[in-house]
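The values are calculated or read from the model by the stated rules, or taken from the named source; none is laboratory data. Being a predicted model, the structure only gives us computed values, none of them experimental. Using ideal geometry, Cβ is built from the backbone for each residue, glycine included, and neighbour counts are taken over all protein chains shown.
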Amino acid sequence: MERVMRARDDSSDAGKGVVRRWASRGTDVDADGGWRAREGRARAGFEAGRARDRGDWMGLGRERTVTDGRVLIAASTTAARVSRVGRVGTVARAVTAPGVIELGDESDDRVVWKRLGKDSVDKACELWGAVNSEAAAAAKGAWAGIKPVRKVFLSDILASPKRNAFLRKWIPTDITYVSFIGLLHVGCLFAPFYFTWSAFKCFLAMYFVTGCLGITLSYHRQLSHKSFRTPKWLEYALAYCGALAVQGDPLEWASSHRHHHQHTDTPKDPHTPYEGFWWSHMGWLLDNEATIERVGDRSNAQELAAQPFYRFMEKTYIWHIVASAAVIYALGGMPWLIWGFCVRTVWVYHITWAVNSVSHCWGSQEFNTGDLSRNNWPIGILAFGEGWHNNHHAFEFSARHGLRWWQFDMTWLMICLLQFLGLADKVKLPKEAQMERMRYVPTQAA
């Protein structure tokens, strides 16, 4: 049985208040080193007292498994994210803390050390001081929660919002967003009174066109991650379907999503559940000041900004939404407007947002991504394959998210269809060796 050791070095300012964990197989630790052993799964990385005093986000950790005598340290810091490069024979469980010490080449003594001992403790304190420096905080963002840390319901995640959700300054953009989203939700209340089968079919068709073809196929896998390539006319047509989902123009969506992957579950992530479930689900959309500070730089999507079509969509985006609502109303009257626009838009909203919230809070993790991403099967089905989110964060370039045969991925089936028709090429997929290195338990050892 694994024993999980907690360490605290109070003799150094750099080590104060820092809980570190190592996993060892059936080995007790010398009491002279100041270590304590506990059976089972350890919760570490967060100290309530320091959180109350300083508002620090210390996070909640999971044990790391050591199979080759090396020890990986998980310091609760937002300074760096875990390396996505795993090693066969060194299987480390992803932590649920805001960040970990960056793990590089295992031959580099600066980031890897061997068995437990005084040298290891000194190394831990040295690295903790380095990653918690002012320079590191400036690079990744310092954390200062304004509320007591609370556990996300039925999850192992501790959250502390950085901003008040409602008792804050509301800028005009926030008011516009909440008014529009609120109006759509009010429209949904009339759905039972305007139900017709033709209106419901309109809802299903637009759900597929905007949700699958638009958001998951175009905005996410093609534009944000370049997982496959299509002719330009088809790329633009699919991107237009994404615009009809009322989630922003293609340039804005792709750029924001790339920021998310660059800073996943750190203070610079626009929608991490470390700021609470509400924030990760939709609160970030209603706080434009905080969100733009994190994702306002569009320079990470210059190849899209260089294309006239995407610049045109950015400038005229709102008119395409108005036109789509008008066309739906002209074709089917109020039943179609309620079901094909209001209900469909709200439905696709919450399915998309659930990928950011639900799939970062609940589910399973097959791959060592070092963040909170989870595989969540209900979201996997409802979001056309996007709910296999741990798979996606492990292999962001992959056109296929459902990597197991039973992980239904409708978007991947659409890509296969386009490829069969000769309309998609350069389809990117992870190799089996890559997946083996990233798995918690390699199949060879299973």
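Quick look at the values:
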item: Region 321-336, residues that are crowded, with 16+ Cβ neighbours inside 10 Å and farther than 15 Å from I181 by Cα; result: S324, I328, Y329, G332, P335, W336
item: Failed item, numbered, when G363 is tested on (1) in contact with a strand residue (DSSP E or B) (Cβ under 6 Å, 6 or more places away or on another chain); (2) under 20 Å from S227 (Cα atoms); result: (2)
item: Sole exception among (1) in contact (Cβ under 8 Å) with a residue 40 or more places away in the chain; (2) under 27 Å from K226 (Cβ atoms) for V343, by number; result: (2)
item: Residues satisfying the stated conditions in region 284-306, i.e. surrounded by 16 or more Cβ atoms within 10 Å (Cβ to Cβ) and more than 16 Å from H257 (Cα to Cα); result: L286, D287
item: Residue list for region 414-432, restricted to those being surrounded by 11 or more Cβ atoms within 10 Å (Cβ to Cβ) and in a helix (DSSP H, G or I); result: M414, I415, C416, L417, L418, Q419
item: Hey, W347 surrounded by fewer than 21 Cβ atoms within 10 Å (Cβ to Cβ) and either among the aromatic types (F, W, Y) or closer than 30 Å to A199 by Cα (or both) or not; result: yes
item: Check on L167, modelled with pLDDT under 95, exposed (fewer than 14 other Cβ atoms within 10 Å of the Cβ) and either at negative phi or among the acidic types (D, E) (or both); result: yes
item: L337 being touching a helix residue (DSSP H, G or I) at 6+ places or on another chain (Cβ under 8 Å), of a type outside the set (S, T, Y) and over 28 Å from W284 (Cβ atoms); result: yes
item: Any helices (runs of 4 or more DSSP H) falling wholly within region 178-271 and containing at least 1 residues that are in contact with a Gly (Cβ under 8 Å, 6 or more places away or on another chain) and farther than 30 Å from R163 by Cα; result: 197-206, 232-243
item: Residue match in region 410-429 (condition: closer than 29 Å to H281 by Cα, touching a residue at least 24 places away in the same chain (Cβ under 8 Å), among the acidic types (D, E) and in contact with a helix residue (DSSP H, G or I) (Cβ under 8 Å, 6 or more places away or on another chain)); result: no
item: Selection count, region 196-228, where residues are polar (S, T, N, Q) and farther than 15 Å from H392 by Cβ; result: 4
item: Boolean, K162 is assigned to a loop (DSSP other than H, G, I, E, B), buried (at least 17 other Cβ atoms within 10 Å of the Cβ) and at pLDDT below 90; result: yes
item: Condition check for G333: in the same structural domain as S256 (by TED's automatic domain parsing) and free of Cβ contacts under 8 Å to residues at least 12 places away in the same chain; result: yes
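One line per residue, one yes/no per condition, for (1) closer than 30 Å to A191 by Cα; (2) in a helix (DSSP H, G or I):
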{"position": "H350", "(1), (2)": "yes, yes"}
{"position": "S359", "(1), (2)": "yes, yes"}
{"position": "S373", "(1), (2)": "no, no"}
{"position": "R404", "(1), (2)": "no, no"}
{"position": "F408", "(1), (2)": "yes, no"}
{"position": "W412", "(1), (2)": "no, yes"}
{"position": "Q434", "(1), (2)": "no, yes"}
{"position": "R437", "(1), (2)": "no, yes"}
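Conditions (1) polar (S, T, N, Q); (2) in contact with a Gly (Cβ under 7 Å, 6 or more places away or on another chain), marked per residue:
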| residue | (1), (2) |
| --- | --- |
| R298 | no, no |
| Q307 | yes, no |
| R311 | no, no |
| I338 | no, yes |
| F341 | no, no |
| I351 | no, yes |
| V355 | no, yes |
| V358 | no, no |
